[in-house]
Every structure is written in structure tokens, then in C-alpha cells.
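Notes for the one structure printed next.
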Ligand SMILES: Nc1ncnc2c1ncn2[C@@H]1O[C@H](COP(=O)(O)OP(=O)(O)OP(=O)(O)O)[C@@H](O)[C@H]1O
């Protein structure tokens, strides 16, 4: 082990020295400064990766039947003087047998050894013999590391499972499929574990995707905090962990009824917003601008043609506006040219009839009177200088004002407001919705933004300003069952290569979700082009707890195969307390638990409206207070579910919320209801 850590130290020292050198180097041009910054960023990244690997640098060793030995760890370490690497990166093909070998398919292994380090020293080893041979003196066959990992007290932060990934999980993590990979499975089957290790694998194995960046989306800040340590501990610090709200950079602090949120998640909203933007694009009308002392105008047909050309450009509204303006100016210039020529002809004819004089000079004066100095300067009056006229018109504030009335510049906020704060607009653009649904959507123009407005604003931004500038090579979505159609559109916009890993469970879906399965949820965005994996073993919830949720699961997700658990524990307890005494009963239960199981991470999960009461009753002394709507993905050693009836009736997805709440404990569950 010491040789590996020495090499790690050496690599760090090298990286640090190189970084210092790069930072000291002079850069004379903007190009050189840029190159220096890129090199410095690369080295800083390498430093962070080397630092991230410090804890538990190596965690496995493979001994082949041919006598070879390979150490498996968080990153690869090679020296030039050795053929075999000192340490193999867990994501390398050579490390696969560590996760996939079994006694039936030993993959050439005699022994798989798990190492547990403390600091830089090996504290424990545990061996599995895979070739059927009898244990030799140096083999340590005992409790597996998985058992130890699962029995460890929870800390409130998920740990990496890189040393104990199970075969069915590893198969997904390492899947060579670059398109859409979907992972479903009941509570605690390791979907989040798989999603995060998959992100690390993509960075390692798909360099093109890695270059464009990897994004991990979670349902809320609490969940992101829970998973925040996993990727850094795998040496990956360059993955952006965020929520959809943060992606759209919208502060959404208002809540709204679940049925309204569901309506706003429907794909018809995208059509409605597109319809509204189209309705702002020169619906009809003439166009006239003041030119000098007079007016120059074009016909309805010219305006309509300019609009059609602008739309056909496929550009977002605010950029297509330039095309529209350009086209209109062209039409005005043509009209001016025609008008000038006609006027000149008439004057010429008139003067010739009366006096026989040539009046070129008069025509030039005419144009000057119209305000086109450039025209007069650039040549004889009859040679109308269309370029100069266009340039003048393009810079003219009045022209811009006139264009604005036909094709106004729009902001995403204004677009969404114009739809949702106007009964006529709702009726015009959402004809398939009932009157009741439309009145549900209606809001005051200055109402604050809600969670469900975020994807509408994002959609509007893509319509008016184009797709987001920042896109990613691979996107991982956790709790993906939560995404509405409108949110899927947000995600797809940020992943043009459609390389995604999506994990979730429809039995745990919240109130905004309309889809019941993956084909329904993904069909509109990816067709049937996704590969579906199912995880079957729960590593969190004990068999005893799962058994008490079977009836509920059959109700909320008929046909879903219940998972089996490899954990066993106490039977869940059920206590009763009238509603007014619920908080006191919860406090009593949790204070007793905290005393009996010191160091265990405890939580009370209750209806959102109860969370305030719980916190002010001082329950946070013993436990975290988690509103049911935010419990997805989290886990604790002991959980008290307070007021199951209140959780069920709080939202349309109440029974699924309760199922989520009941499946958060790794050891003990107590339900207190009236
Ligand atoms: N291979 C593994 N080794 C060690 N721990 C594991 C492994 N797989 C899962 N776990 C642990 O099991 C627990 C549940 O995992 P995870 O949160 O990924 O499940 P999930 O399927 O996402 O659950 P949910 O559906 O409730 O969100 C976590 O504590 C996780 O660390």
C-alpha cells in the first residue's frame, strides 16, 4: 500500500510543480493567456482528482488462477518500470471481474479480496474464493464488505459504493450504450448509487461526452446535499449537480395546487407558448414609416411575406426579428425607389410638355427633401442608391419603433405572463383545455413564479432567444419519474446528443407526474430508443418494512414486482395518537429512540403542513424534520412517519408520498397516526 501512496504523493507533487510553472509562465497575447488558463485548469483538475482518491485509494485485489495479482482502486497508477499497473482504475476493463466474477463465472480469478483502509493503512481484508479451492492460510473469509457497508450508521450523506457495487448494478454502470439508459427499481435498490457511478464511468469511458461535460439532475437541494460527496470521493469534481430550477436560473418560491402544476407540466403548454409567440409575429397590418417629410409604406402582402421569410429562417423570435426587419426595409426601399422613379417620370413628362426642359436636378432635390443625403451624394438622382437607403432605414429609430409594433422583442417572462395572465390568450392558445382547467392556470400578472413555471420560462426562453448556450455530453437524471413533459423538454434541450442515464420508480411519483411508465414518459422525447434495466434487490429497506408496504404498492402500482431485500430488522411499529397530540407523541418516540440508539440518524417524515409544528416543538434536537414532498431519495437509520392519513390527503399523489416515507429507514420504522 505504501508504494501506491508514495506514487500518489509523487503525482501530486508533479502536478503542483507543473501548475506553479504554468502560473509563473508569461503570456503575451490573448491566445497565450487563454492557453495558459486552460493548462492551469487541467492541472488543477488533476490535483483535485488525486486528492479525491486519498481516502480508500485501493479497495480490492484480484488474484488470477495464473498467479497474477491486480489492485483495484479509485484511480489508475502506473510506473514506467513495471508492466502491470500498480493500481487499476475501477472503471477499467481489467477491473470488471472485481464486480462481475462469481463462483459460476469466476472470469479467471482464484480470489477476490476486499480491502478496508483507515488512513493509509489496511485495517481489514475479506476474501471470496471463486475457483472452488479450499481457503489457504492467507485467505481471510468472513463477513463481506457489503454487509459492513450496509450496517454502518447513516451520516446524512450518501457514501460511494465503489468497493461493493453488485453485479446487476455494475452491469448498468459499465453499459457501453451511449444513448438513453433507464434504470428502474423499487426503493433502496441502488438507483442513485448506479446513477452516480455511471456518471463517473461516462467521464472515464466516453471521452467525447466527458469533454462536453456531465450534468446530474436531482429533485431538490436537500437531495443534492445528500448525494454531494459521492462523485468527489470517486475523484470526479467536474460534474455539475443541480436541479431544474437552478438550471433555468429562476427563483421559484411560490407553491401552487398540484392539479395546476400537473396542467403546467403538460406538453400542450409548449404548443401554447409557441402559438402565443407566433401570434406576436406580424399578425396582420400595413407598415408605414416616416421618411423625411413624408410617409413610406408597404402593403399587407409585403408585411406577410417578410413575416413568412422570418419564420422560415427557423431562428428564435428575437433573432428572426432581424430577418423580418431586414425584409421590411427592403420592401420600403423598393417602394421608395418605385415612387421616386414614378415621380421623376411624371415631373419630366410634365415639364417636357410645358417647357421641354430636362429636370434631373429637380429629382435630386426631391430625394434630398425626402432625407436621403447619401443618395444625392453617391450619384445622379435617377440612380437610386438602394444600399444607402437601406442602411439609413436600418439605423432609424422610427423604423425600429414601427418594427417593434409588428414584431416586438420578447422576454421569456413576458411570454409566460402574457399566456397565463390573460383569459383570452389562454382560450386562444389552449383550446383543448376545459374552461375550468384554464381558470386554474390564470394568475395575476405580478404573481411570483412557481416550480411548475420554471420549465415554461425555459421553453419561452428557447422560443425567443434560442436553446441554452450551455449543453452537456451526458445527463444523469435521478428521481426521473418526477419529470413532467415540460421538464423533459428542458433536459433534452441541454443534451443535444441524447446521451442520458435516467433512474426512477413510478411507484414513488409525485403529484405533477402524469406518466405511469417509461414508454409514456419518454416516448414523446426519445421514441422507443432507450435501454431499460431493472434492479431487483433492496439494500436499504429491511424485508420486514417492505412486507408492510406490499398492499400499498399493489394499489399504487399494480403489476409492479416487489423487490426483495437483503436486510432484516425489527418489525415496524404502529402507534396511535389523536391529531392534536401527534407532535407530542412524535417527540416522545424520537427522544426515546435517540437515547436508545445514540449516533443513529433519525428523521420524522410528515405532511408538509406539519413540518413547521414539528420543528418548533424542538424535534430537531433528535431528528431531521422532512416534509413528505422532499423525502424522495433520502435515507435514515430510524424513521417516524407522523400522520400517514395527513400525508395521504395532503396531495393527489398522497399514497405514493406515503410509500416513499415508509421506505426511508435502514433499520427501524415507527408509524404514528390517529
Ligand atoms: N452495492 C452497494 N454497496 C453498498 N451500499 C449500497 C449498494 N447499493 C446500494 N447501496 C446502499 O443502499 C441504499 C439505497 O441506495 P440508493 O439510494 O441508491 O437506492 P435508490 O434505488 O435510489 O432508492 P430510492 O428509490 O428510495 O431513491 C444507500 O444507502 C446505498 O448506499
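For region 179-196, filtering for residues that are within 11 Å of the ligand (Cβ to nearest atom) and either surrounded by fewer than 17 Cβ atoms within 10 Å (Cβ to Cβ) or within 21 Å of residue 96 (Cα to Cα) (or both) leaves 9.
Taken over region 535-579, the criterion of being within 15 Å of the ligand (Cβ to nearest atom), out of contact with any helix residue (DSSP H, G or I) (no Cβ under 8 Å at 6 or more places or on another chain) and not in a loop (DSSP other than H, G, I, E, B) is satisfied by 543, 546. Here residue 641 meets the list (1) assigned to a strand (DSSP E or B); (2) surrounded by fewer than 22 Cβ atoms within 10 Å (Cβ to Cβ) almost entirely, failing just condition (2).
Scanning region 300-338 for residues that are over 40 Å from the mean Cα position of the chain (by Cα) and more than 21 Å from residue 387 (Cα to Cα) turns up 300, 301. The condition of being more than 16 Å from the ligand (Cβ to nearest atom), closer than 22 Å to residue 265 by Cβ and in a strand (DSSP E or B) holds for only one of 491, 475, that being 475. May I ask you to verify whether residue 398 is within 16 Å of the ligand (Cβ to nearest atom) and assigned to a helix (DSSP H, G or I)? Judged against the criteria, residue 398 is not a match.
Can you pull out the residues in region 51-60 that are at pLDDT below 90 and closer than 15 Å to residue 90 by Cα? 52, 53, 54, 55, 56, listed by residue number. Picking from residues in region 160-173 that are more than 9 Å from the ligand (Cβ to nearest atom) and closer than 25 Å to residue 529 by Cβ, the one that is surrounded by the fewest Cβ atoms within 10 Å (Cβ to Cβ) is 171. Looking at region 198-206, can you tell me whether even one residue there is out of contact with any helix residue (DSSP H, G or I) (no Cβ under 7 Å at 6 or more places or on another chain) and either in a loop (DSSP other than H, G, I, E, B) or without any contact (Cβ under 8 Å) to a residue 12 or more places away in the chain (or both)? Taking every residue of region 198-206 in turn, at least one turns out to be out of contact with any helix residue (DSSP H, G or I) (no Cβ under 7 Å at 6 or more places or on another chain) and either in a loop (DSSP other than H, G, I, E, B) or without any contact (Cβ under 8 Å) to a residue 12 or more places away in the chain (or both). Among the residues making up region 593-638, those that are part of a loop (DSSP other than H, G, I, E, B) and either at negative phi or modelled with pLDDT of 95 or more (or both) are 597, 598, 600, 601, 607, 617, 622, 623, 631, 632, 634, 635.
Taken together, the residues in region 635-656 that are under 18 Å from residue 226 (Cβ atoms) and under 30 Å from the mean Cα position of the chain (by Cα) amount to 4. For region 518-534, a residue qualifies if it is surrounded by fewer than 16 Cβ atoms within 10 Å (Cβ to Cβ), more than 16 Å from the ligand (Cβ to nearest atom) and closer than 28 Å to residue 648 by Cα, and the qualifying residues are 519, 520. For region 242-292, filtered to residues that are free of Cβ contacts under 8 Å to residues at least 24 places away in the same chain and exposed (fewer than 15 other Cβ atoms within 10 Å of the Cβ), the residue that is farthest from residue 457 (Cα to Cα) is 286. Against the definition (touching a residue at least 60 places away in the same chain (Cβ under 8 Å), in contact with a helix residue (DSSP H, G or I) (Cβ under 8 Å, 6 or more places away or on another chain), within 16 Å of the ligand (Cβ to nearest atom) and within 30 Å of residue 560 (Cα to Cα)), how does residue 452 come out, yes or no? Judged against the criteria, residue 452 is not a match. Looking at 63, 83, 89, 28, just one residue is more than 37 Å from the chain's Cα centre (by Cα) and modelled with pLDDT of 90 or more, and that residue is 63. Quick check, is residue 207 farther than 30 Å from residue 549 by Cβ, surrounded by fewer than 20 Cβ atoms within 10 Å (Cβ to Cβ) and within 16 Å of the ligand (Cβ to nearest atom)? Here the answer is no, as residue 207 does not meet what is asked.
The number of residues in region 494-516 that are touching a strand residue (DSSP E or B) at 6+ places or on another chain (Cβ under 9 Å) and not in a helix (DSSP H, G or I) comes to 11. Checking each residue in region 248-265 for being within 19 Å of the chain's Cα centre (by Cα), in a helix (DSSP H, G or I) and closer than 18 Å to residue 444 by Cα picks out 261, 264. The single condition among (1) more than 17 Å from the chain's Cα centre (by Cα); (2) in a helix (DSSP H, G or I); (3) surrounded by fewer than 24 Cβ atoms within 10 Å (Cβ to Cβ); (4) at pLDDT 90 or above that residue 176 does not satisfy is (2).
Taken as a whole, the condition of being within 16 Å of the ligand (Cβ to nearest atom), within 30 Å of residue 146 (Cβ to Cβ) and in contact (Cβ under 8 Å) with a residue 12 or more places away in the chain applies to residue 626. Restricting 94, 39 to those that are modelled with pLDDT of 90 or more, surrounded by fewer than 18 Cβ atoms within 10 Å (Cβ to Cβ), under 34 Å from the mean Cα position of the chain (by Cα) and in the same structural domain as residue 134 (by the TED database) reduces the list to 94.
Taken together, 225, 245 contain a single residue that is outside any strand (DSSP E or B), away from the ligand (no atom under 13 Å from the Cβ), assigned by the TED database to the domain that holds residue 512 and over 22 Å from residue 470 (Cβ atoms), which is 225. Yes or no: region 598-605 includes at least one residue that is free of Cβ contacts under 8 Å to residues at least 60 places away in the same chain and more than 16 Å from the ligand (Cβ to nearest atom). Yes - at least one qualifying residue is present in region 598-605.
The values are calculated or read from the model by the stated rules, or taken from the named source; none is laboratory data. Predicted model, so just to flag it, every value in this text is computed and none were measured. Cβ sites come from the backbone with ideal geometry, for glycine too, and all protein chains shown count toward neighbours.
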